[in-house]
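Colleague: Below you'll find the structure I mean.
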Amino acid sequence: MSSDARLHVLYKAANAPIHAFPFPHIYVRDVFPEDYYRQLRAALPPAATYKTLRALGRVGPTYSDKRLVIPITSENSQAMAEPFRSFWTGLADWMLVEFGTVMLSKFEPFLQQRFGGGTTLGCYNEALLIQDWTTYSLGPHTDTPRKVLSFLFYLPADDSLARLGTSIYVPKQPDFQCSGGPHHPFEMFDRVTTMPYLPNTLFAFIKSNKSFHGVEPITEGNVRRDLLLFDIYISNPPELAQKRPPAI
């Protein structure tokens, strides 16, 4: 990734205003430089190189096979054929280190609310290229307790699928919360808004017990959503520690 493109992304994401309701999130247009976004679109690997999350052993047997992924790691990028190898190796070398550090600093006040001040977080991150196909949907959920921050880079070719962005929700029962795991029925929630699935756009949010988000069912035929997903995780979330039985 060129220095100009790297600094452009950092500037746009780090300076984006944080919207507090219903949970802290940002929505950023033109997150990559225009010419770099064209290169990124051209470097999307062939469909046959994507795998289901079940095939990778990352989800249970009931998870939809309509979401296909490629983990963006230094090892995976090096194994790609050109011209894909050079592009994704360059992006991984930067994004998997510097981007996460800057974003943890940006959201630090909210992280302190969840984890407490003075806490040293043992964080790690990952990036995934994603294709969501036709009938894919995700009921409202808050993600695993290990999740700290999620970043969804929308990668469509044009504006025609804007309606298919990720939606955010509030529960109809005001005190309902979820520490993470299950996907809940849509009818339990009111949709606050949908982040338009527009080219070169970033939607990011902090994980909490109220960060309900999902994807409304896609019923049109021959529809594909391309995304770059970057997530930051914590190795020892307090929510899971509280569920462990006491030592004898």
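Colleague: If you plug each phi of the range 177-184 into the Karplus form 6.51 cos²θ - 1.76 cosθ + 1.60 with θ = phi - 60°, what whole-Hz ³J(HN,Hα) values come out, in order, with x for Gly and Pro?
Modeller: Once θ is set to phi - 60°, the couplings for the range 177-184 become 9, 8, 6, x, x, x, 9, 9 Hz.
Colleague: Among Cys123, Cys178, rank each residue by its count of other Cβ atoms within 10 Å, from fewest to most, as a rough exposure measure.
Modeller: Cys123, Cys178
Colleague: Modelled label-to-label distance, Ala47 and Val102, 7 Å Cα→beta-carbon offset: nm?
Modeller: Label-label distance for Ala47 and Val102, simple model: 3.4 nm.
Colleague: So, one more: Using the Cβ atoms and a cut-off under 14 Å, what net charge is assigned to the surroundings of His25, where Lys and Arg are +1 and Asp and Glu are -1?
Modeller: Summing Lys and Arg as +1 and Asp and Glu as -1 gives +3.
Colleague: Can you give me the long-range amide H partners of Leu149? Hydrogens built in the peptide plane at 1.01 Å from N, cutoff under 5 Å, separation of 5 or more residues or another chain.
Modeller: Lys207, Ile232
Colleague: Next up: Report the equivalent ellipsoid semi-axes for the chain in whole Å, largest first, defined as the square roots of five times the eigenvalues of the gyration tensor built from alpha carbon atoms.
Modeller: 27, 22, 19
Colleague: Ala157 to Ser74: extension gain in nm, 0.36 nm per residue of separation minus the Cα-Cα distance?
Modeller: Result for the pair: 27.3 nm of gain on full extension.
Colleague: How would Leu229, Leu138, Leu111 line up from fewest to most surrounding beta-carbon atoms within 10 angstrom?
Modeller: Fewest-to-most ranking of Leu229, Leu138, Leu111: Leu229, Leu138, Leu111.
Colleague: Computed FRET efficiency, Cβ-Cβ of Asp175 and Ser235, R0 35 Å: what is it to the nearest 0.05?
Modeller: Step by step, r from the Cβ atoms, then E = 0.70.
Colleague: What nm value, rounded to one decimal, do you get for the distance between Thr144 and Ala14 when each label is placed 7 Å out toward the C-beta?
Modeller: With each label placed 7 Å out from Cα toward Cβ, I get 2.9 nm.
Colleague: So what are the ³J(HN,Hα) numbers for the range 147-157, from phi and the Karplus equation (6.51, -1.76, 1.60; θ = phi - 60°), rounded to whole Hz, Gly and Pro as x?
Modeller: So the Karplus estimates, Gly and Pro as x, are 6, 10, 9, 10, 10, 10, 8, 7, 10, x, 6 Hz.
Colleague: Then there is this: Name the residue farthest towards the positive end of the dipole of the range 1-40 from the options Pro33, Tyr11, Phe23, assuming +1 on Cβ of Lys and Arg, -1 on Cβ of Asp and Glu, about the Cα centre.
Modeller: Phe23
Colleague: Quick one: Val148, Val69, fewest Cβ neighbours within 10 Å first, how do they rank?
Modeller: Lowest count first: Val69, Val148.
Colleague: Whole-Hz Karplus ³J(HN,Hα) for the range 67-84, in order, using 6.51 cos²θ - 1.76 cosθ + 1.60 and θ = phi - 60°, x for Gly and Pro?
Modeller: Calculated HN-Hα couplings, in order: 9, 10, 9, 10, x, 8, 10, 4, 5, 5, 5, 5, 7, 6, 6, 6, x, 5 Hz.
Coordinate-derived values only; no laboratory data. Worth saying up front: this structure is predicted, and the values here are computed from it rather than measured. Neighbour counts run over all protein chains shown; Cβ positions are idealised from the backbone, glycine included.
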